Amino acid sequence: MVAVLAVVLSTVALAPAAWAADEPSPAPTPTHWDPRLKPIADEVAKLRHLKFDHPVAAEFLDDAKFEKKVAVDHSKLTKQDKRDIERSQAQLRALGLIGADVDLLGSVESLQQSGVLAFYDPETKKITVKGSNLDDVKTRVTVAHELTHALQDQHFDLTAARKEVAKAHGSSAFQTVVEGDARRIEDAYEQTLSAADQDAYATQNAAVSTEAQNEITAKGVPDTLSVLFQAPYLLGPAMLQAVIAKENDKGVDALFEDPPVADASFVTPSTLLDHRTFQTVKPPALQKGEKRSGPADVFGSLSLFQVLASRLDNSTALTATDAWDGDAMVTFTRKGQTCLRAAFAGKGTAGVQALQAAWTQWATQVPAGTATVDGTPSRVTVTACDPGPAATAIPNPPFGSLTSLVGRDSLFAGLLQNGAPTKAATCVSDALVRDPVFAPLVTTAGTDPNAEPDEATITALRAKVQEYVAQCR
């Protein structure tokens with residue numbers, strides 16, 4: 001969940017060095033580049049079409065020190081931090097995304113540490129690298145990603161921007177811009193390498209990804225949380241690819257200068273290109289005997305899709321997600337039980353009806369008596385309560401569902417780059433992910449998120465795309 005995990009993500013995942021007691025302030029600005037970083041930094045600046053204002057401070061740590069650096073110091077968690085984490089865990093159980101025995105903080109920490117080779121911290125203005133050199137091509141590509149963050153920070157002040165977007169509940173959308181930009185430069189940097197290095201990178205990347213996935217699986221981290229962490233990296237590049245197709249690189253800079261706040265911007269990038277605005281929804285009222293727990297928040301279209309797709313078919317979840325037109329959410333306690341209530345606006349009467357139908361169906365799939373759905377002509381209100389030990393595992397693999405979003409957005413952006421109008425690109429990409437030919441991708445990703453589709457599936461997809469291009473033209 002994007003909205004309900006805001007505190008956990010901001011204190012743990014988005015600032016890996018934030019708990020380090022020995023570095024509370026920015027490192028001194030170096031006058032010269034570390035020679036190990038300079039060739040990569042030069043290439044990153046060229047690819048991003050921005051210049052570094054100054055070299056970036058760097059430290060290279062051995063494995064043990066690096067692991068300690070990215071770990072969470074539990075002794076520094078405040079009582080409020082712990083209450084926020086407990087509330088988030090209850091919210092996730094209420095929405096049926098995690099089981100009764102999931103350790104949320106432990107899962108977040110495992111996700112943060114698995115497979116990490118380097119990171120840039122906008123608080124300390126320093127890049128930290130695992131190891132003493134950059135002989136490993138996987139590490140060099142990762143450093144290109146992190147130096148992109150440093151470049152973003154020098155031009156757009158990531159710390160100030162994050163504080164500003166948080167006021168409008170826009171952290172998820174901005175994080176996707178930040179990571180999507182770094183991913184596209186990372187990929188472009190990889191393409192500048194020799195053929196031998198590209199082959200080595202593919203092998204190393206596959207090995208690291210598999211090892212990381214096996215590690216977090218062994219630690220009992222739910223795939224729903226893995227999907228949440230990976231969504232900005234997987235959905236961000238397609239969002240920016242779509243923007244570049246219409247507005248060139250200046251469109252990317254504009255997203256940093258005036259960030260989108262609705263996560264529909266990356267769930268359905270056409271809304272970003274159309275400069276769509278969404279309804280302002282008043283937080284739902286509490287009833288007698290209910291006590292507010294934490295500030296009002298937003299649910300968001302990504303969370304809407306993730307929750308619905310966890311128990312409904314992807315097509316129904318996508319239809320409801322595309323009908324989303326804004327929401328507001330409150331968390332409260334009732335007789336010692338943590339609950340949340342979210343009010344959703346839909347695009348017109350049809351949008352409200354789609355949301356109502358999907359949520360009503362979803363409510364029948366969670367433990368009896370834990371969820372209710374109420375509707376008016378303009379709003380759908382969902383109340384869900386933590387079932388505690390009665391929480392059940394979700395039936396639909398989260399990575400399979402995410403593949404529907406990633407596939408749709410990637411095809412949409414690719415069609416735009418080939419000159420398709422926005423409406424036609426939307427038509428083709430929407431149709432393809434609902435076609436049976438797309439189902440093998442969902443099934444494969446649900447079983448193994450790192451698996452590659454076979455050639456027969458790719459051939460069938462290409463043929464089907466051409467059919468829909470002809471129909472939607």
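Read the figures in this text as sums done on the coordinates, not as results from a lab. All of these numbers come straight from a predicted model, not from anything done at the bench. Note: ideal-geometry Cβ built from the backbone for every residue, glycine included; neighbour counts use all protein chains shown.
Points worth noting:
- Counting beta carbons within 10 Å around each of Lys130, Lys76 and listing the fewest first gives the order Lys76, Lys130.
- As a ratio to 2.2 N^0.38 Å, the alpha-carbon radius of gyration for the range 6-257 is 1.01.
- For the range 97-122 versus the range 282-330, the gap between their alpha-carbon centres in whole angstrom: 24 Å
- Given (1) 1.11; (2) 1.26; (3) 0.96, the label whose value is Cα Rg over 2.2 N^0.38 Å derived from this model: (3)
- Entries in Lys126/Lys163; Lys69/Lys130; Lys46/Lys250; Lys126/Lys167 that, when Cα-Cα distance is taken, lie over 22 Å: Lys126/Lys167
- Put in order of Cβ neighbour count within 10 Å, fewest first, the listed residues Cys339, Cys427 become Cys427, Cys339.
- Where only C-alpha atoms are counted, convex hull volume of the range 224-377 per residue in Å³: 133 Å³
- In angstrom, the C-alpha Rg and Dmax of the range 290-389 are 13.0, 39.
- With one equal scatterer per alpha carbon and no solvent term, the Debye-computed log10 I(q)/I(0) for the range 293-352 at 0.26, 0.28, 0.29, 0.30 1/Å reads -1.03, -1.09, -1.13, -1.16.
- The Kirkwood radius of the range 154-297, taken over pairs of alpha-carbon atoms, gives through the Stokes-Einstein law at 20 °C and 1.002 mPa s a diffusion coefficient of 120 µm² s⁻¹.
- Listed by chain and number, the aspartates and glutamates placed with their C-alpha closer than 17 angstrom to that of Lys282 are Asp297, Asp325, Asp327, Asp374; residues fewer than eight positions away on the same chain are left out.
- Structural size metrics of the range 397-472, computed from C-alpha coordinates, are Rg and Dmax of 12.2, 35 Å.
- Leu50, Leu272 arranged by Cβ crowding within 10 Å, fewest neighbours leading: Leu50, Leu272
- Reduced Cα scattering model of the range 324-370, Debye log10 I(q)/I(0), q = 0.21, 0.22 Å⁻¹: -0.84, -0.89
- When the convex hull of its Cα atoms is projected in every direction, mean area for the range 213-281 (nm²): 6.3 nm²
- Helices of the chain meeting both criteria, an alpha-carbon length of 20 angstrom or more along the long axis and an average Kyte-Doolittle score not below -1.0, with helices taken as full DSSP H segments, are 137-156, 171-191, 195-218, 223-257, 348-363, 398-417, 455-472.
- Cα-Cα pairs of the range 172-257 separated by more than 16 Å (percent): 63 percent
- The sum of -39500 (n - 2.57) across all DSSP H runs of n ≥ 4, divided by the residue count of the chain, sets its helix-only mean residue ellipticity at 222 nm to -17500 deg cm²/dmol.
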